[in-house]
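Since every read-out is calculated from the coordinates, none of them should be taken as a lab result. Please read these numbers as outputs of a predicted model, since none were measured by experiment. We place every Cβ from the backbone using ideal geometry, glycine too, and count neighbours over all the protein chains shown.
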Amino acid sequence: MASKSILKKSSLDFLENYLNNASPTGYESGGQKIWMDYLKPYVNTFITDTYGTAVGVINPEANYKVVIEGHADEISWYVNYITENGLIYVIRNGGSDHMIAPSKRVNIHTKNGIVKGVFGWPAIHTRNRGKEEGARIDNIFIDCGCETKEEVEKLGVHVGCVITYPDDFMVLNENKFVCRAIDNRIGGFMIAEVARLLHENKKKLPFGLYITNSVQEEVGLRGAEMITKTIRPNVAIVTDVCHDSTTPMIDKKIEGDTQIGKGPVVTYAPAVQNNLRELILDTAEEKKIPFQRLASSRVTGTDTDAFAYSNGGVASALISLPLRYMHTTVEMVHRDDVENVIKLIYESLLKIKNEETFTYFSK
C-alpha cells in the first residue's frame, strides 16, 4: 500500500462524530447506529444481537469465518443515591476513575434528554487544615443545581441513570488524536476503515469477514462472549488499546515498553494463537509496518480472551494501539499508529488462506 495517508477527510469526520457521541456500557446503540451507517457501503449485510453488538459481514455465505473486532462501549457512572438536599452519589459502570472526577462537568442521561451537572469538590481554602483528603468513590458527588431530591427527580434523574463526560475530540500538534472514549471506539473506527479499504481497493476475500463492534467489554468482555457464539468464527483478530509506558509514574518493568508513534503493538499471551501472531508479524516485516511487542500474563484483558476460549477454541490475536492516559477524558493516540494498525489488519487479512487451521500439528 502507498505510504501516503489512508485516512480521508470523510474518515476523520466519522471518527470525530463517533467519538463525540456517548456510548456508555449497556447503552451503546446510538453509537452503533452511527458506526453501521458509515460501514453500510462496504459490507453485504449486518448482524445485531439482543444487547447491541453490531457486525458488518462481507461474503456471508462463506463457511470459513474471520472476525476483526473492536469494542463500542465507554466507561461511565451510574446514579446510585440522591441526598435530600439534591446531591448525587455514583457507582462505576466499568473502570471509571474517581481520581479525575472532581470539578469535571457531566452529562446525566435521562428519558427527558441530557441533564447537566458537575462533580463538586471542596475549595482548597477549606482543605488545608490538617491532612488533606483525596478523592474516593464514596466522597465524590454530582451537583446539578438542585436544592432538593424532589427537584432532581423532576429533571428526570433517578437511580440507574447513566452519566458520561462531555469532553470532545481534538487534535494536538497535528498528529495526536485526543478524546474520551478512544478506548475503544478507535477500534471500531479502525476495523471500519479496513472494510472501506477492502471495498475501495476491490479486494475479494476467499472467506467470510465479520467486522465486529462488540458491546460491554468494559465490564468483562461480555459482548464478545455473546457474539462469538452467534458467529462461530474460525479466526479472530482483535484490536484494542494498550498503555504508552513512557509518561511519568508508569513502571516499564511492570507495564512493558510501548510508546505512541512507534507502531502497533502485537501481544504475546496464552490466548494469542502463535501461528496467527507470527503471520501478523511476518506481514508487518514484509510490508515495512513498524510494530512493538508486549507480553501479557495469564490474560490480555481484552476481547481476545473471549474469542480465543469460545467454541472449542478460536485462533485469536491482538493488535493494540498504544494510548496515553487510559480511562481519562484526555486519552491520546498518534495518527501514524492508527493508520498502521489499519494497514496491519488489512494486510494480514490478505495473507490468511481459506480454511487455514493454524494448527501446531501439521500432517
Extending each Cα 7 Å along its Cβ direction at residue 350 and residue 153, get the distance between those two points in nm, one decimal.
-> 6.2 nm
What the Cα atoms of the range 77-180 span along the principal axes, largest first and in whole Å, is 47, 44, 23
What is the Cα centroid distance between the range 340-361 and the range 241-295, reported in whole angstrom?
-> 17 Å
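So which GluC sites (Glu not before Pro) in the range 174-283 end up in coil per DSSP with only 16 or fewer other C-beta atoms within 10 Å?
Those satisfying the criteria are 174.
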Reduced to Cα centres, the span from the range 299-316 to the range 70-106 in Å works out to 30 Å
q = 0.11, 0.13, 0.17 Å⁻¹: log10 I(q)/I(0) that the Debye formula gives for the range 120-205, counting C-alpha atoms only = -0.66, -0.80, -1.00
The pairs in 104/253; 4/351; 176/353; 104/229 lying past 30 Å Cα-Cα in this model are 104/253; 176/353; 104/229
Efficiency of FRET between residue 293 and residue 129 - r from beta-carbon atoms, R0 51 angstrom, step 0.05 = 0.50
Simple spin-label model, 7 Å along Cα-to-Cβ: residue 251 to residue 203 in nm?
-> 4.1 nm
Any chance you could run the full-extension gain for residue 138 through residue 17? It's 0.36 nm times the residue separation minus the Cα-Cα distance, nm to one decimal.
-> 40.2 nm
Restraint check, 252/287; 8/343; 288/343, Cα-Cα greater than 20 Å = 252/287
Which value, in debye to the nearest 20, describes the size of the charge dipole of the chain about its Cα centre when Lys and Arg Cβ atoms bear +1, Asp and Glu Cβ atoms bear -1, and nothing else is charged?
-> 680 debye
Taking the dipole of the chain about the Cα centre (Lys, Arg +1; Asp, Glu -1; charges at Cβ), the one of 156, 64, 228 that reaches farthest to the positive side is 64
For the range 314-362, which chymotrypsin sites (Phe, Trp or Tyr not before Pro) are both in a DSSP coil and crowded by at most 11 other Cβ atoms within 10 Å?
-> 360, 361
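For the ranges 181-188, 122-129, what's the packing order if you count other beta-carbon atoms within 10 Å of each residue, average per peptide, and put the highest first?
181-188, 122-129
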Rg/Rh for the range 169-224, where both radii come from Cα atoms and Rh is the Kirkwood radius = 1.08
What number, in percent, do you get for the relative contact order of the range 268-321 if the mean sequence gap of Cα pairs under 8 Å and at least 6 apart is divided by its residue count?
-> 52 percent
Run the numbers on the chain and let me know its relative contact order in percent, using alpha-carbon pairs under 8 Å that are six or more apart.
-> 21 percent
For the range 146-231, size of Cβ-based charge dipole, Lys and Arg +1, Asp and Glu -1, in debye | 720 debye
17 Å tail of the calculated P(r), the range 230-288, as % of Cα pairs | 53 percent
Determine which residues of the range 223-244 fall in the zone a paramagnetic label at residue 63 would reach in this model, i.e. backbone nitrogen under 19 Å from the point 7 Å along Cα→Cβ.
-> 231-236
Using Cα-only point scatterers and the Debye equation, what is log10 of I(q)/I(0) for the range 204-363 at each q in 0.10, 0.13, 0.15, 0.21 Å⁻¹, rounded to two decimals?
-> -0.36, -0.61, -0.82, -1.54
Throw me the Rg/Rh for the chain, computed over C-alpha atoms with Kirkwood Rh, two decimals.
-> 1.00
Checking 353, 131, 65 against a Gaussian network model of the chain (alpha-carbon springs below 10 Å), the top fluctuating residue turns out to be 131
Debye intensity ratio in log₁₀ form over the Cα atoms of the range 1-68, taken at each q of 0.18, 0.24 Å⁻¹ | -0.85, -1.13
